[in-house]
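Student: My structure is below; once you've seen it, I'll send some questions.
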Amino acid sequence: MPIQIGQKKESDFTDPLGLLSDCHRRIEHFLAVLIKLCGKAQGGSLDAEEGELLEKALAYFRDAAPMHTADEEHSLFPRLRASGQSEAALARLAELEYEHVLAGRDHEIVDSLGRRWLREGRLAPGDSVQMTQALKRLSEIYSRHIALEDRELFPLADRLLGPEELAAVGREMADRRGIKRGIKR
């Protein structure tokens, strides 16, 4: 994403909750790109710039987004569960994990159809409708999901998890990406 004047500096692995929230902004950005392209072209031909945007958005959701899900499900959520929070808070984690499954299914649809679009230069009308519907569902899921995490879950994690636990989350996130430098062990 391009840098904008006055934009907040992105978090790093020493601030894993901030980094997860920053990732939400990228999810929103790339989802908006896909929705805009789908609405404008409706499965028809794309110019070179549109094709590049489609390719970048698909690659983001194929490559980076699964790591974000793993960061939550394998690093953050287990520590929150171990914190002994109320059943209501634990139920929210199960809800978020279920939304990850639902989003994953729709991302598979979008990725498959998006790649076909790039390969063949257009989509059949039924495929275009299917892609649009999957993107609409993703938009609805992410709207709820991101709001819950940014407004409730991440602040809760910040209160409940100590500096050592948060540092461990950040190290695991970096390890997941093959990044070793600049992380205190």
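Student: Mind listing whichever residues of segment 37-58 are surrounded by fewer than 14 Cβ atoms within 10 Å (Cβ to Cβ) and in a helix (DSSP H, G or I)?
Tutor: Answer for segment 37-58, where residues must be surrounded by fewer than 14 Cβ atoms within 10 Å (Cβ to Cβ) and in a helix (DSSP H, G or I): Gly39, Lys40, Ala48, Glu49, Glu52, Lys56.
Student: Of Arg122, Arg144, which residue is outside any helix (DSSP H, G or I) and under 30 Å from Ala41 (Cβ atoms)?
Tutor: Only one candidate passes the filter, namely Arg122.
Student: Here is a follow-up. So if I check each of Ala167, Ala88, Ala103, which one is under 18 Å from the mean Cα position of the chain (by Cα) and in a helix (DSSP H, G or I)?
Tutor: Ala103
Student: Which residues, counting only those in segment 123-166, are crowded, with 16+ Cβ neighbours inside 10 Å and out of contact with any helix residue (DSSP H, G or I) (no Cβ under 8 Å at 6 or more places or on another chain)?
Tutor: Hits for segment 123-166: nothing passes.
Student: With the checklist (1) modelled with pLDDT under 95; (2) within 30 Å of Leu161 (Cβ to Cβ); (3) of a type outside the set (S, T, N, Q) in hand, flag the one item Leu96 doesn't pass.
Tutor: (1)
Student: A further question on this structure: What's the total number of residues in segment 11-57 that are in contact (Cβ under 8 Å) with a residue 60 or more places away in the chain, over 27 Å from Leu156 (Cβ atoms) and either touching a Lys or Arg at 6+ places or on another chain (Cβ under 6 Å) or not acidic (Asp, Glu) (or both)?
Tutor: 11
Student: Let me ask another. At pLDDT 95 or above, more than 19 Å from Gly121 (Cβ to Cβ), surrounded by 18 or more Cβ atoms within 10 Å (Cβ to Cβ) and of a type in the set (Asp, Glu): is that true of Asp71 in this structure?
Tutor: yes
Student: Can we say Ala70 is within 20 Å of the chain's Cα centre (by Cα) and in contact (Cβ under 8 Å) with a residue 40 or more places away in the chain?
Tutor: Considered against the rule, which asks whether it is within 20 Å of the chain's Cα centre (by Cα) and in contact (Cβ under 8 Å) with a residue 40 or more places away in the chain, Ala70 comes out as yes.
The values are calculated or read from the model by the stated rules, or taken from the named source; none is laboratory data. Remember, predicted model here, so these are calculated numbers, not experimental data. As a convention, Cβ positions derive from the backbone with ideal geometry for all residues, glycine included, and neighbour counts pool all protein chains shown.
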